Amino acid sequence: MIRTRAAISPTGYPHIGTIYQVLFDYAFAHKHKGKFIVRIEDTDKERTVADAEEKVFKALDWFKLVEDESVRKTGPYGPYRQSDRLDIYKKYAQELINKNKAYYCFCSKDRLDEIRQKLQKEGKPPMYDKHCLNLDKKTIDQKLTNKESYIIRLYVPKDIKIKIKDELRGEVIFDSNSVDDQVLLKSDGYPTYFLAVVVDDHLMEISHMVRGEEWLTSSAKIVLLYEYFGWEKPVFVHTPIIRNPDRSKFSKRQGHTNVSWYQEQGFFPEVILNYLALMGWSHPQGKEIFTLDEFIKLFDFKDISPVGPVFDLNKLEWMNGVHIRESQDSNLKTQIYNFYQKKYPVELIEKTIPLIKERIKKLSDYLPLCEFFFKPIHDLSLIKDRSYIKEIHKELEKVSDWKADIIGESMQALVKKLNVKTGEFFMTLRVAITGKKISPPLNKSMEILGKEECLKRLGQLG
RNA sequence: GGUCCCGUCGUCUAGCGGCCUAGGACAUCUGGUUUUCAGCCAGAGAAUCAGGGGUUCGAAUCCCCUCGGGAUCACCA
């Protein structure tokens with residue numbers, strides 16, 4: 001049974017990188033008729049944010065990357081929130097102590113800071129000096145009965161090689177001397193990430209541990225823990241991390257990392273997924289546009305390239321534009337209507353769709369282009385020559401059959417009569433009607449606006 | 001700094017020893033359609049496959065070194 005999981009730490013807004021991970025988890029699980037689980041990793045009390053959990057689920061719903069098991073959709077492996085599993089971690093930490101694979105540490109934070117600083121000064125990696133490793137049993141018991149504050153550390157032996165097989169990179173070998181005696185259980189009784197993931201992934205029977213490449217270095221600790229417990233390891237997959245243009249980790253300083261931004265801009269979730277899928281993975285036939293179902297069918301971790309891809313908003317916009325152009329008009333109408341909180345009359349939006357479909361790349365492009373349909377916009381500074389606006393008004397009054405092509409013919413005739421430049425004339429008319437130099441096709445727009453409204457707008461200028 | 005990962009057009013990538021005088025997509029530029037802007041159509045430029053050594057009849061593809069970039073080194077995840 002294939003079981004993948006997203007380990008979500010509820011510390012803020014859903015990150016686009018998280019969705020990137022989840023996409024792979026979800027696709028792989030679905031491809032193999034397995035299960036995709038969402039686990040809330042809230043073992044850092046300081047950083048946990050109250051409504052972050054809810055936001056994550058909302059984001060997953062938006063993308064339709066819905067999980068099979070989670071805190072809100074309970075299954076046989078719960079609880080799915082780590083803060084609800086504290087007793088479990090304690091038990092397993094104790095097991096490691098009993099096996100001599102972990103040990104109590106009573107060092108003060110000050111002491112730890114001290115040795116860290118000292119090592120750093122010497123240019124060495126800052127690691128714990130195993131000071132408490134060899135405390136005798138009596139001392140430990142005494143300290144424990146005295147209720148001294150303690151943590152539990154992982155025992156990492158000297159001079160061994162720790163091997164991990166990564167699905168994308170093959171075998172990666174670490175020297176245990178460069179692996180720190182990681183804290184497993186904190187003084188507040190909460191586990192650290194390392195203990196918690198291993199215990200949970202095992203108990204929840206996760207078959208593929210998919211996480212970002214930033215975790216690769218620390219996977220030696222994970223491997224050690226699996227071996228200490230005597231548990232079968234999952235398949236390790238370290239996916240590339242999305243990069244900024246300067247190739248550093250994708251950050252909000254250089255890009256838009258919050259899912260909410262993409263929602264506000266009017267990107268479509270399926271398009272974002274399509275785009276994300278193309279980062280590190282490519283369709284066997286070189287297709288760029290495909291559905292999630294198609295991706296699921298074709299996807300395999302083995303085909304992901306380990307190179308960290310730079311996020312290209314340009315291409316995403318292009319894709320979103322393609323999606324809009326390929327949408328059903330009625331569907332697009334509803335999308336726009338809802339996007340603007342139903343503020344604008346849906347019948348009017350419907351009429352404008354054919355005019356703007358090829359002109360917008362995201363839903364938020366709609367209003368700047370179409371606002372004039374809903375209210376008059378006048379910008380006199382854009383009009384060079386207002387002298388013939390009265391003529392236009394007079395001419396349009398005569399148009400009885402208010403249709404785009406007839407309006408157009410009448411205006412063309414006026415251009416000849418006035419002997420002015422066609423381009424200039426229509427630019428004047430365009431600005432008079434739409435308030436902007438860039439607009440949807442003019443005649444059609446005028447038809448939609450209606451004769452009365454058009455004459456009114458011209459009247460106000462003439 | 002130690003350790004680990006990575007390195008094909010500006011960007012995403014195809015390529016898995018001969019089909020590569022390196023293909024596609026986005027972006028850029030040019031022309032066409034045109035009453036603006038898009039869209040569409042046509043075309044162009046753009047990678048000495050990071051560099052240097054090997055292996056081989058033959059290397060973007062295999063090996064080694066160098067360089068470059070990234071990640072990580074918390075009682076954070």
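Only the coordinates and a few stated rules stand behind these numbers; no lab work does. Bear in mind that the values here come from a model prediction, so they are computed numbers and not experimental data. Neighbour counts are summed over all protein chains in view; Cβ atoms, including those assigned to glycine, are modelled from backbone coordinates with ideal geometry.
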Averaged over all viewing directions, the convex hull of the alpha carbons in region A:223-294 casts a projected area in nm² of 8.0 nm²
Of the convex hull enclosing the alpha-carbon atoms of region A:325-368, the direction-averaged projected area in nm² is 2.7 nm²
Straight-line reach check, A:Lys121, cutoff 20 Å on alpha carbons, 8 or more apart in-chain or any other chain, hits among lysines -> A:Lys109, A:Lys130
Proxy exposure order for A:Thr145, A:Thr217 (fewest C-beta within 10 Å first) is A:Thr145, A:Thr217
Among A:Lys118/A:Lys233; A:Lys417/A:Lys456; A:Lys58/A:Lys221; A:Lys73/A:Lys343, the pairs whose Cα-Cα distance exceeds 29 Å are A:Lys118/A:Lys233; A:Lys58/A:Lys221; A:Lys73/A:Lys343
So, relative contact order of chain A in percent, Cα under 8 Å, 6 or more apart, is 13 percent
Asserting the computed 222 nm helical MRE of chain A (DSSP H runs at least 4 long, -39500 (n - 2.57) per run, divided by residue count, to nearest 500) equals -13500 deg cm²/dmol
Chain A: Kirkwood hydrodynamic radius (Cα pairs, Å) comes out at 26.7 Å
For region A:198-263, using Cα atoms only, the Rg and Dmax in Å read 15.8, 45
Over the Cα atoms of region A:408-453 the radius of gyration and the largest Cα-Cα distance (Dmax), both in Å, equal 10.6, 28
Within region A:178-252, DSSP-loop GluC sites (Glu not before Pro) with at most 11 other C-beta atoms within 10 Å are A:Glu232
Of all C-alpha pairs within region A:260-384, those more than 18 angstrom apart amount in percent to 59 percent
Filtered hits (aspartates and glutamates, Cα-Cα < 18 Å from A:Lys137, offset >= 8 within chain) -> A:Glu95, A:Glu148
In Å, the Kirkwood estimate of hydrodynamic radius for region A:342-422 over Cα pairs equals 15.3 Å
Output for region A:376-462 (equivalent-ellipsoid semi-axes, sqrt of 5λ from the C-alpha gyration tensor, Å, descending) is 17, 15, 12
